[in-house]
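Read the structure below first, then the notes.
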Amino acid sequence: MQVAIITGAGSGIGLGTAEKLAAAGIAVLGVGRDADKLAQLDHVVPPEQLATLPVDLTDDDAPRRVIDLAVERWGQIDILINNAGIGKPKPVHETDDATLDYVLALMLRAPFRLIREALPHMRAGSAVINISSTYAIVGGIRGGAYSAAKAGLLGLTTHMAVQYGPQGIRCNAVAPGVINTPMTEDNFESETFKKMNDHMTPYPRLGTVEDVASTIAFLCSPGAELINGQTIVVDGGWSSTKYLSDFGRSSKWVAAES
Ligand code: NAD
(Lines give C-alpha, C1' and ligand atoms only; values in the text may rest on other atoms or scores of the structure.)
Protein backbone atom coordinates (compact mmCIF):
# COMPACT_ATOMS: atom_id res chain seq x y z
CA MET A 1 0.00 0.00 0.00
CA GLN A 2 1.32 3.45 -0.92
CA VAL A 3 1.48 6.08 1.82
CA ALA A 4 0.62 9.77 1.40
CA ILE A 5 1.19 12.66 3.79
CA ILE A 6 -1.30 15.47 3.24
CA THR A 7 -0.95 18.73 5.15
CA GLY A 8 -4.04 20.81 5.79
CA ALA A 9 -6.00 17.56 5.38
CA GLY A 10 -8.94 18.42 7.65
CA SER A 11 -10.80 20.68 5.24
CA GLY A 12 -11.17 21.95 1.70
CA ILE A 13 -8.68 20.76 -0.92
CA GLY A 14 -6.72 18.62 1.55
CA LEU A 15 -9.82 16.73 2.70
CA GLY A 16 -11.01 16.22 -0.88
CA THR A 17 -7.57 14.92 -1.84
CA ALA A 18 -7.49 12.52 1.12
CA GLU A 19 -10.82 11.07 -0.01
CA LYS A 20 -9.55 10.58 -3.58
CA LEU A 21 -6.27 8.97 -2.57
CA ALA A 22 -7.97 6.71 -0.02
CA ALA A 23 -10.40 5.53 -2.72
CA ALA A 24 -7.35 4.59 -4.79
CA GLY A 25 -6.15 2.37 -1.92
CA ILE A 26 -3.50 4.80 -0.63
CA ALA A 27 -2.92 5.23 3.13
CA VAL A 28 -3.19 8.82 4.36
CA LEU A 29 -1.42 10.63 7.17
CA GLY A 30 -3.54 13.74 7.56
CA VAL A 31 -1.78 16.66 9.21
CA GLY A 32 -3.36 19.91 10.33
CA ARG A 33 -3.52 22.46 13.11
CA ASP A 34 -6.98 21.55 14.29
CA ALA A 35 -7.88 18.09 15.69
CA ASP A 36 -11.61 18.70 15.20
CA LYS A 37 -11.11 19.35 11.50
CA LEU A 38 -8.88 16.29 11.13
CA ALA A 39 -11.74 14.21 12.56
CA GLN A 40 -13.49 14.82 9.22
CA LEU A 41 -11.05 12.33 7.73
CA ASP A 42 -12.81 9.53 9.66
CA HIS A 43 -15.72 9.93 7.23
CA VAL A 44 -13.68 9.58 4.04
CA VAL A 45 -10.69 7.35 4.83
CA PRO A 46 -11.05 3.77 6.19
CA PRO A 47 -9.43 3.38 9.64
CA GLU A 48 -6.76 0.93 8.48
CA GLN A 49 -5.63 3.51 5.90
CA LEU A 50 -5.69 6.54 8.22
CA ALA A 51 -3.42 8.29 10.70
CA THR A 52 -3.76 11.89 11.82
CA LEU A 53 -1.46 14.35 13.55
CA PRO A 54 -2.70 17.66 14.91
CA VAL A 55 0.29 19.99 14.79
CA ASP A 56 1.12 23.57 13.89
CA LEU A 57 3.38 23.12 10.87
CA THR A 58 5.32 26.27 11.68
CA ASP A 59 6.69 24.62 14.85
CA ASP A 60 10.35 23.71 14.51
CA ASP A 61 9.78 20.06 15.41
CA ALA A 62 6.66 19.61 13.26
CA PRO A 63 8.28 18.09 10.13
CA ARG A 64 10.20 15.52 12.18
CA ARG A 65 7.03 14.53 14.08
CA VAL A 66 5.10 14.14 10.83
CA ILE A 67 7.72 11.99 9.13
CA ASP A 68 8.37 9.89 12.26
CA LEU A 69 4.66 9.06 12.53
CA ALA A 70 4.38 8.01 8.87
CA VAL A 71 7.49 5.84 9.13
CA GLU A 72 6.46 4.28 12.47
CA ARG A 73 2.98 3.44 11.19
CA TRP A 74 3.76 2.27 7.64
CA GLY A 75 7.55 2.22 7.21
CA GLN A 76 7.49 4.24 3.99
CA ILE A 77 6.48 7.51 2.38
CA ASP A 78 5.43 7.57 -1.28
CA ILE A 79 3.58 10.86 -1.62
CA LEU A 80 3.94 14.22 0.12
CA ILE A 81 1.31 16.88 -0.53
CA ASN A 82 2.22 20.30 0.85
CA ASN A 83 -1.24 21.84 1.00
CA ALA A 84 -1.72 23.63 4.35
CA GLY A 85 -2.17 27.35 3.99
CA ILE A 86 -3.98 30.46 5.12
CA GLY A 87 -5.77 33.02 2.99
CA LYS A 88 -6.84 36.63 3.41
CA PRO A 89 -3.53 38.04 2.16
CA LYS A 90 -2.52 41.66 2.57
CA PRO A 91 -0.52 43.87 0.21
CA VAL A 92 3.10 44.68 1.06
CA HIS A 93 2.37 48.06 2.68
CA GLU A 94 -0.11 46.44 5.13
CA THR A 95 2.10 43.46 6.04
CA ASP A 96 3.99 43.60 9.33
CA ASP A 97 7.02 41.41 10.06
CA ALA A 98 5.06 38.95 12.19
CA THR A 99 2.58 38.31 9.37
CA LEU A 100 5.35 38.05 6.78
CA ASP A 101 7.26 35.55 8.93
CA TYR A 102 4.18 33.44 9.65
CA VAL A 103 3.01 33.27 6.03
CA LEU A 104 6.47 32.30 4.78
CA ALA A 105 6.90 29.85 7.68
CA LEU A 106 3.66 28.03 6.90
CA MET A 107 3.62 28.09 3.11
CA LEU A 108 7.32 27.97 2.18
CA ARG A 109 9.55 27.03 5.13
CA ALA A 110 7.34 24.18 6.36
CA PRO A 111 7.01 22.55 2.90
CA PHE A 112 10.79 22.88 2.41
CA ARG A 113 11.53 21.28 5.79
CA LEU A 114 8.93 18.52 5.31
CA ILE A 115 10.45 17.63 1.96
CA ARG A 116 13.92 17.53 3.54
CA GLU A 117 12.73 15.13 6.24
CA ALA A 118 10.71 12.97 3.83
CA LEU A 119 13.35 12.53 1.11
CA PRO A 120 15.46 9.89 2.89
CA HIS A 121 12.33 7.68 3.10
CA MET A 122 11.21 8.14 -0.52
CA ARG A 123 11.98 5.50 -3.10
CA ALA A 124 11.84 5.61 -6.89
CA GLY A 125 8.23 6.19 -7.91
CA SER A 126 7.53 8.67 -5.11
CA ALA A 127 5.95 12.07 -5.73
CA VAL A 128 5.84 15.47 -4.06
CA ILE A 129 3.02 17.87 -4.89
CA ASN A 130 3.19 21.50 -3.76
CA ILE A 131 -0.09 23.40 -3.68
CA SER A 132 0.64 26.86 -5.00
CA SER A 133 -1.86 29.38 -6.42
CA THR A 134 -2.65 31.38 -9.52
CA TYR A 135 -1.40 34.28 -7.36
CA ALA A 136 2.11 32.90 -7.98
CA ILE A 137 1.57 33.04 -11.73
CA VAL A 138 -0.21 36.33 -12.34
CA GLY A 139 -0.07 39.46 -10.24
CA GLY A 140 -2.62 39.15 -7.47
CA ILE A 141 -4.29 42.18 -5.91
CA ARG A 142 -3.48 42.09 -2.14
CA GLY A 143 -1.20 39.07 -2.75
CA GLY A 144 1.78 40.28 -0.67
CA ALA A 145 3.47 37.57 1.39
CA TYR A 146 0.99 34.95 0.13
CA SER A 147 2.04 35.52 -3.50
CA ALA A 148 5.72 35.50 -2.46
CA ALA A 149 5.38 32.20 -0.59
CA LYS A 150 3.37 30.53 -3.35
CA ALA A 151 5.87 31.66 -6.01
CA GLY A 152 8.69 30.37 -3.81
CA LEU A 153 7.03 26.95 -3.89
CA LEU A 154 7.26 26.96 -7.69
CA GLY A 155 11.03 27.55 -7.53
CA LEU A 156 11.31 24.74 -5.00
CA THR A 157 9.28 22.50 -7.33
CA THR A 158 11.56 22.97 -10.34
CA HIS A 159 14.66 22.52 -8.18
CA MET A 160 13.27 19.28 -6.77
CA ALA A 161 12.45 18.03 -10.25
CA VAL A 162 16.04 18.30 -11.50
CA GLN A 163 17.74 17.39 -8.23
CA TYR A 164 15.73 14.28 -7.31
CA GLY A 165 14.26 13.28 -10.70
CA PRO A 166 17.30 11.06 -11.31
CA GLN A 167 16.30 9.05 -8.21
CA GLY A 168 12.79 8.55 -9.60
CA ILE A 169 11.26 11.11 -7.24
CA ARG A 170 8.99 13.53 -9.08
CA CYS A 171 7.89 16.97 -7.92
CA ASN A 172 5.06 19.03 -9.37
CA ALA A 173 2.90 21.94 -8.29
CA VAL A 174 -0.81 22.57 -8.59
CA ALA A 175 -1.98 26.17 -8.80
CA PRO A 176 -5.70 26.48 -8.13
CA GLY A 177 -7.72 29.52 -9.08
CA VAL A 178 -10.65 30.52 -6.91
CA ILE A 179 -12.08 27.38 -5.28
CA ASN A 180 -14.99 27.28 -2.85
CA THR A 181 -13.45 26.05 0.43
CA PRO A 182 -13.49 27.24 4.06
CA MET A 183 -10.64 29.59 3.07
CA THR A 184 -12.78 31.45 0.54
CA GLU A 185 -16.34 30.79 1.71
CA ASP A 186 -16.79 34.41 2.88
CA ASN A 187 -16.03 35.57 -0.66
CA PHE A 188 -18.50 33.08 -2.09
CA GLU A 189 -21.26 34.72 -0.05
CA SER A 190 -20.84 37.79 -2.26
CA GLU A 191 -22.78 37.64 -5.52
CA THR A 192 -20.47 40.33 -6.93
CA PHE A 193 -17.41 38.19 -6.23
CA LYS A 194 -18.92 35.13 -7.86
CA LYS A 195 -20.18 37.10 -10.86
CA MET A 196 -16.82 38.84 -11.31
CA ASN A 197 -14.98 35.50 -11.37
CA ASP A 198 -17.62 33.98 -13.64
CA HIS A 199 -17.25 36.73 -16.18
CA MET A 200 -13.45 36.67 -16.17
CA THR A 201 -13.18 32.89 -16.60
CA PRO A 202 -13.53 31.29 -20.03
CA TYR A 203 -14.80 27.94 -18.75
CA PRO A 204 -18.36 28.54 -17.64
CA ARG A 205 -18.29 27.59 -13.96
CA LEU A 206 -16.36 28.22 -10.77
CA GLY A 207 -13.77 25.77 -9.44
CA THR A 208 -14.49 23.05 -6.91
CA VAL A 209 -12.46 20.97 -4.47
CA GLU A 210 -13.13 18.00 -6.76
CA ASP A 211 -11.39 19.78 -9.66
CA VAL A 212 -8.21 20.31 -7.65
CA ALA A 213 -8.26 16.97 -5.81
CA SER A 214 -8.59 15.10 -9.13
CA THR A 215 -5.59 16.92 -10.53
CA ILE A 216 -3.50 16.15 -7.45
CA ALA A 217 -4.56 12.50 -7.53
CA PHE A 218 -3.60 12.26 -11.20
CA LEU A 219 -0.16 13.76 -10.53
CA CYS A 220 0.37 11.12 -7.84
CA SER A 221 -0.65 8.28 -10.15
CA PRO A 222 1.51 6.09 -12.43
CA GLY A 223 -0.16 7.80 -15.41
CA ALA A 224 1.79 10.94 -14.51
CA GLU A 225 5.14 9.16 -14.33
CA LEU A 226 6.82 11.45 -16.86
CA ILE A 227 5.38 14.69 -15.47
CA ASN A 228 8.09 16.35 -13.39
CA GLY A 229 8.76 19.99 -12.52
CA GLN A 230 5.42 21.23 -13.85
CA THR A 231 2.82 23.57 -12.46
CA ILE A 232 -0.70 22.54 -13.40
CA VAL A 233 -3.08 25.48 -13.17
CA VAL A 234 -6.67 24.58 -12.29
CA ASP A 235 -8.63 27.74 -12.96
CA GLY A 236 -10.85 27.27 -16.01
CA GLY A 237 -8.44 29.43 -18.03
CA TRP A 238 -8.70 32.52 -15.78
CA SER A 239 -4.94 33.14 -15.66
CA SER A 240 -4.12 32.27 -19.26
CA THR A 241 -6.25 34.85 -21.05
CA LYS A 242 -7.43 38.41 -20.79
CA TYR A 243 -10.91 37.00 -21.06
CA LEU A 244 -14.02 38.95 -20.22
CA SER A 245 -17.43 37.58 -21.12
CA ASP A 246 -19.81 39.48 -23.39
CA PHE A 247 -21.66 40.57 -20.27
CA GLY A 248 -18.39 41.65 -18.65
CA ARG A 249 -17.61 43.85 -21.64
CA SER A 250 -21.08 45.34 -21.74
CA SER A 251 -22.23 48.65 -20.38
CA LYS A 252 -24.81 46.70 -18.31
CA TRP A 253 -21.96 45.39 -16.11
CA VAL A 254 -20.59 48.89 -15.56
CA ALA A 255 -24.07 50.17 -14.78
CA ALA A 256 -24.69 47.30 -12.35
CA GLU A 257 -21.48 48.06 -10.43
CA SER A 258 -21.76 51.88 -10.35
P1 NAD B 1 -8.69 25.40 3.91
O2 NAD B 1 -8.68 26.55 4.87
O3 NAD B 1 -9.89 24.53 3.85
O4 NAD B 1 -7.42 24.45 4.15
C5 NAD B 1 -6.22 24.87 4.71
C6 NAD B 1 -5.86 23.91 5.81
O7 NAD B 1 -4.55 24.25 6.32
C8 NAD B 1 -6.82 23.96 6.99
O9 NAD B 1 -7.32 22.67 7.25
C10 NAD B 1 -5.97 24.48 8.16
O11 NAD B 1 -6.31 23.92 9.40
C12 NAD B 1 -4.56 24.07 7.72
N13 NAD B 1 -3.57 24.94 8.37
C14 NAD B 1 -3.56 26.29 8.37
N15 NAD B 1 -2.53 26.73 9.10
C16 NAD B 1 -1.88 25.64 9.59
C17 NAD B 1 -0.76 25.45 10.42
N18 NAD B 1 -0.09 26.47 10.94
N19 NAD B 1 -0.36 24.18 10.71
C20 NAD B 1 -1.07 23.12 10.20
N21 NAD B 1 -2.14 23.25 9.40
C22 NAD B 1 -2.55 24.49 9.11
O23 NAD B 1 -8.40 26.04 2.49
P24 NAD B 1 -8.11 25.40 1.04
O25 NAD B 1 -8.69 26.34 0.08
O26 NAD B 1 -8.47 23.98 0.97
O27 NAD B 1 -6.52 25.58 0.96
C28 NAD B 1 -5.62 24.52 0.64
C29 NAD B 1 -4.44 25.10 -0.12
O30 NAD B 1 -4.89 25.56 -1.40
C31 NAD B 1 -3.79 26.30 0.56
O32 NAD B 1 -2.38 26.18 0.47
C33 NAD B 1 -4.27 27.48 -0.28
O34 NAD B 1 -3.36 28.56 -0.25
C35 NAD B 1 -4.36 26.82 -1.65
N36 NAD B 1 -5.22 27.58 -2.57
C37 NAD B 1 -6.56 27.71 -2.31
C38 NAD B 1 -7.34 28.43 -3.20
C39 NAD B 1 -8.82 28.64 -2.97
O40 NAD B 1 -9.43 29.44 -3.70
N41 NAD B 1 -9.45 27.96 -2.04
C42 NAD B 1 -6.76 29.01 -4.33
C43 NAD B 1 -5.40 28.85 -4.56
C44 NAD B 1 -4.64 28.12 -3.67
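Total lysine pairs in the chain at Cα distances under 26 Å, for residues eight or more apart or on different chains: 21. Values of log10 I(q)/I(0) for region 149-258 across q = 0.14, 0.22 Å⁻¹ run -0.69, -1.19, by the Debye formula with one identical scatterer at each alpha carbon and no solvent. Spin-label model, ILE227/ARG123: points 7 Å from Cα along the beta carbon direction are separated by 2.4 nm. Shown is the FRET efficiency for ALA24 and MET196, computed with R0 = 35 Å from the Cβ-Cβ distance and rounded to the nearest 0.05: 0.45.
With θ taken as phi - 60° and the Karplus curve 6.51 cos²θ - 1.76 cosθ + 1.60 applied, the whole-hertz 3J(HN,Hα) list for region 206-221 is 7, x, 10, 4, 4, 4, 6, 4, 5, 5, 4, 4, 4, 5, 7, 8 Hz, x standing for glycine and proline. Evaluating 6.51 cos²θ - 1.76 cosθ + 1.60 at θ = phi - 60° for every residue in region 105-118, the Karplus couplings come out as 5, 6, 9, 9, 5, 5, x, 4, 6, 5, 4, 4, 6, 6 Hz, glycine and proline recorded as x. Rounded if a/c is under 1.5, else prolate if a/b beats b/c, else oblate: with a ≥ b ≥ c from the C-alpha gyration tensor eigenvalues square-rooted, which is region 17-60? It is prolate, given that a/c is not under 1.5 and a/b is the larger ratio.
For region 40-55, the residues whose amide N sits under 13 Å from a probe point set 7 Å from the Cα of MET1 along the beta carbon direction are 45-52. Solvent-accessible surface of the chain, averaged per residue with a 1.4 angstrom probe and all protein chains in place: 48 square angstrom. Once the Cα-Cα distance is subtracted from the 0.36 nm per residue extended length, the ARG142 to ASP36 segment shows a gain of 35.1 nm. Once both labels are positioned 7 Å from their Cα atoms along Cα-to-Cβ, the gap between PHE247 and GLU48 label points is 5.0 nm. Suppose we look only past 12 Å in the calculated P(r) of region 200-244. What percent of the Cα-Cα pairs does that tail hold? Roughly 65 percent, rounded to a whole number. Amide H contacts of LEU80 (H built 1.01 Å from N, in plane; Pro and chain starts excluded): ILE5, ALA127, VAL128, ILE129 sit under 5 Å, all sequence-distant by 5 or more or on other chains.
Taking amide H positions as modeled 1.01 Å from N, with prolines and chain starts lacking one, the residues under 5 Å from ALA51 and 5 or more places away or on another chain are VAL28, LEU29, GLY30. Sorted largest first, the spans of the alpha carbon positions of the chain along the three principal axes are 62, 41, 38 Å. Of the solvent-accessible surface of region 32-125, computed with a 1.4 Å probe and all protein chains present, 52% belongs to carbon and sulfur.
The values are calculated or read from the model by the stated rules, or taken from the named source; none is laboratory data. Bear in mind that the values here come from a model prediction, so they are computed numbers and not experimental data. Cβ atoms come from the backbone with ideal geometry, glycine included; neighbour counts cover every protein chain shown. Protein only, heavy atoms only, side chains kept; ligands, DNA and RNA dropped before computing areas. Shrake-Rupley method; radii C 1.70, N 1.55, O 1.52, S 1.80 Å.
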